[in-house]
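The structure's right below; bear with me while I get my questions together.
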Amino acid sequence: MKLLPLLAFAFVLAGCGTTPKLIPAPERMPGPVVCDLKLGMTKPEPEPVRPTGDYTQRHVSDYVARLHRWGGRGWEKLAAARQRNEKCKERHQENNADSEREDQ
């Protein structure tokens, strides 16, 4: 019974003699670029209210028109956000040709 703790202790100490594998150095990565969007670009707009109860075709057509405008504004916001992001990336993009020559 006294041999079991001694054997376990020997296994623990044997693990201390090994060296871990070296972790490869990460590739050179560009620094993070933070480009925020204006609050209005990300603020959700309420969806148009659906007609309920006894409604006419005019109510439905008005709802479809409002829904179309609402969706169009969403796509315009998305396009503006993408355009702003692209401009930000262009401003902060490093000259790739110079950095490639440094690596060679």
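The values are calculated or read from the model by the stated rules, or taken from the named source; none is laboratory data. Small disclaimer: the values here were computed from a predicted structure and weren't measured. In this analysis, Cβ positions are derived from the backbone assuming ideal geometry, glycine residues included, and neighbour counts consider all displayed protein chains.
Filter segment 34-73 down to the residues that are basic (Lys, Arg), farther than 21 Å from ARG84 by Cβ and out of contact with any helix residue (DSSP H, G or I) (no Cβ under 8 Å at 6 or more places or on another chain) and list them by number.
Matches in segment 34-73: ARG58, ARG66, ARG69.
Cβ-Cβ distance below 7 Å, separation of 6 or more or different chains: which pairs start in segment 31-55 with a residue that is under 29 Å from CYS88 (Cβ atoms) and surrounded by 10 or more Cβ atoms within 10 Å (Cβ to Cβ) and end on one that is modelled with pLDDT under 90 and of a type outside the set (Ser, Thr, Tyr)?
Final answer for the pair search is VAL33/CYS88; VAL33/LYS89; VAL33/HIS92; CYS35/ASN85; CYS35/CYS88.
Further question on the same structure: Return the residues of segment 47-101 that are modelled with pLDDT under 90 and not in a helix (DSSP H, G or I); say none if nothing qualifies.
GLN93, GLU94, ASN95
Take segment 18-32 and flag every residue that is modelled with pLDDT under 80 and of a type in the set (Val, Ile, Thr).
THR18, THR19
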